[in-house]
Structures are given as C-alpha cells and as structure tokens.
Amino acid sequence: MLILLLLPASLSAEKLVIARSSVFGDYLEKRRVDGKLQPQSYVFMPGRFLSGNTRDRSLERFSFRALAGRLAQDLRRQDFHPAASLAQADLLLVVHWGATAGRNRDLVALSDGFDTLANLGTQAEVFRGELDQAIEAGDFLQADALRGNLDQLANSARQEQQSLLNEERNVGGADTATLLGFTAEMSRDDGTLAEQERRKTLFDLTREECYFVVVMAYDARTLVGTKKLKRVWTLRVSINTAGVNFPEALDRISQVSGQHFGRPQEGLTFAYPPKRLHEGSVRLDDIVVLGTVVP
C-alpha cells in the first residue's frame with residue numbers, strides 16, 4: 001500500500017537559495033594530505049552570461065569583476081585563494097551567471113494536481129487516526145472499513161502522481177532544470193507526498209525567473225601542460241528573482257556557495273541564508289580574471 005504523508009508547509013520561493021555541488025574523479029584524494037584538505041589557488045574566467053527575458057538593470061550593470069570579488073570572499077571559507085597567474089594557479093574557475101527565462105504558461109491544471117495530492121494526504125492522516133482509535137476500541141468492522149478507505153486513497157494518489165509525471169514532461173523546462181542542477185531531483189519519485197511538494201517547488205522555479213551562478217573548476221596545471229580541460233568540481237546555485245535585485249541575490253548565493261565550493265554533496269541543498277553580520281573584504285586588484293584561454 002502506498003504510504004501517504006501529510007505535506008509540510010510549502011517551501012517559500014522568496015529568499016530560498018538552492019545549491020548543487022559535484023566533485024569529479026580523484027580531486028579530493030589529490031587535494032587531501034595526511035587527512036587534511038590543502039589550500040588551493042585559482043584564477044577566474046568569465047563564462048556564459050544569460051540576461052533572462054526581463055530587462056534587469058541590476059544584472060546588466062553588475063560587472064564580472066564585482067561578481068568575482070563577491071565569490072572570492074566566500075571561496076576563502078574552503079581555503080581557496082587568488083593566484084597571480086594561470087601558470088601559478090591550481091584551478092581555473094569558469095563562472096557562468098545571469099537569469100533564467102521564465103515561461104508564461106498556463107500551469108493551473110498542474111498546480112491543481114499538486115493540491116489534490118496534498119488533500120489526499122490530509123484525508124489519509126484523518127483516516128489513519130480514526131483507524132488507530134477503532135483498533136484500540138476493538139471495533140474491527142470499522143477498522144476494516146477505514147482500511148478500505150485508505151486503499152482507495154492510495155489508488156487515487158498513484159493515479160494523480162502518474163498524471164503529474166505526464167504533465168511535467170509535457171510542459172518543458174528541461175534546459176532550465178539542467179542549468180540549475182534540478183534534473184535528478186525532479187526525476188526522483190519515492191512515492192511520498194512530501195517528495196511531491198519538493199518537486200513542485202523545483203518545477204515552479206524552472207518556470208520562473210531565477211538568478212544563477214555556476215562555477216566550473218578545471219585543473220589549471222593540466223590545462224597549461226596539455227591544453228586539455230579536466231573539470232574537477234562544479235557548483236550550481238540559484239535563487240528566485242522575486243523581491244531581490246542581483247547584488248542582493250548574489251550576496252545570498254555566495255554565502256551559501258561558501259559552504260560547498262569543491263565539496264561533494266548528495267542531492268540539493270535548500271537554504272535561507274541569514275543577513276551577514278560582518279562583511280569581509282577581498283582586494284579586487286589581487287584577483288586575476290582571464291580572457292578566453294580555453295583551446
């Protein structure tokens with residue numbers, strides 16, 4: 001029988017930062033000496049910039065050098081520090097940033113589907129409570145009837161879940177989900193209503209405008225020595241554009257990023273970063289930003 005869970009309060013998109021960190025190959029093993037991760041140096045290179053569909057002066061006017069300075073402050077939290085040149089660096093950090101393009105589609109039916117699942121979960125909780133009371137009172141006829149009700153709810157939930165999966169595939173947003181690192185999480189279905197709520201949050205974000213920063217780290221020594229790219233880690237971080245401008249969003253994105261740069265992570269991190277109490281400082285003159293060096 002499908003286990004129906006009462007959904008938690010809906011995840012609020014405002015101020016919610018979502019991060020996905022991936023580490024590749026033997027990067028961590030090579031960085032670790034005597035069980036301790038060693039400091040590494042880096043240089044920046046601008047990657048692709050996406051402006052989104054909405055005119056956003058806070059994004060347009062924000063320079064890559066300012067973005068690099070913001071990230072540099074929080075890269076220090078994982079012991080990453082600026083290098084004087086690519087030849088002296090351990091890593092080349094290619095940064096893609098901007099805003100995703102929201103989709104103006106009619107998603108009423110899909111939202112209604114998620115609401116239906118939520119209602120089924122609420123009904124199931126009521127029936128389970130009544131079932132426990134019936135068993136405790138020795139009313140086995142009532143208990144059997146309640147079990148039948150729960151079975152019917154389980155079947156309805158299965159049908160609704162399949163309908164939602166079909167609608168999600170039809171509406172699109174796959175490119176945005178890949179860019180933000182949501183694909184694996186949106187494809188997972190463990191049969192619980194709590195998971196449906198989580199997927200709904202991600203689904204909605206792929207159809208709304210989000211600020212994003214994607215940092216792809218490449219082994220600089222491999223690049224210099226062989227002219228080949230060897231990616232060692234990637235971090236994808238995003239936040240809904242509603243209620244924030246890009247500098248505010250970047251501060252929250254960078255604050256969450258500081259926990260994950262170069263660190264392996266299972267699934268997605270959902271975070272509501274608090275306002276910074278103390279501002280650190282990074283001298284922008286010490287940050288090396290390269291032009292196109294990739295062959």
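The values are calculated or read from the model by the stated rules, or taken from the named source; none is laboratory data. All figures in this text were calculated on a predicted structure; none of them were measured in a lab. Reconstructed Cβ throughout: ideal geometry from the backbone, glycine too, with neighbour counts over all protein chains shown.
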> With 235, 205, 229 as the choices, which residue is among the aliphatic types (A, V, I, L, M) and either modelled with pLDDT under 85 or not assigned by TED's automatic domain parsing to the domain that holds residue 53 (or both)?
Replying inline: 205
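Here's the yes/no breakdown for (1) in a helix (DSSP H, G or I); (2) under 30 Å from residue 253 (Cα atoms); (3) modelled with pLDDT of 70 or more:
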site	(1), (2), (3)
122	yes, no, no
143	yes, no, yes
151	yes, no, yes
161	yes, no, no
184	yes, yes, yes
>> Here is a check on your reading of the model: is residue 92 part of a strand (DSSP E or B) and modelled with pLDDT of 80 or more?
In response: yes
>> Being within 24 Å of residue 177 (Cβ to Cβ) and of a type in the set (D, E, K, R) is the filter here; which residues of segment 220-260 pass it?
In response: 231, 236, 252
> Which one of these is touching a helix residue (DSSP H, G or I) at 6+ places or on another chain (Cβ under 6 Å) and at pLDDT below 95: 70, 48, 32, 61?
Replying inline: 70
> Mind checking which residues of segment 71-84 are over 10 Å from residue 286 (Cα atoms) and assigned to a loop (DSSP other than H, G, I, E, B)?
Replying inline: 79
> Which members of segment 212-236 meet the condition of being within 19 Å of residue 68 (Cβ to Cβ) and hydroxyl-bearing (Ser, Thr, Tyr)?
Replying inline: 218, 234
> Scanning segment 68-84 for residues that are under 17 Å from residue 219 (Cα atoms) and among the hydrophobic types (A, V, I, L, M, F, W, C), which turns out surrounded by the most Cβ atoms within 10 Å (Cβ to Cβ)?
Replying inline: 75
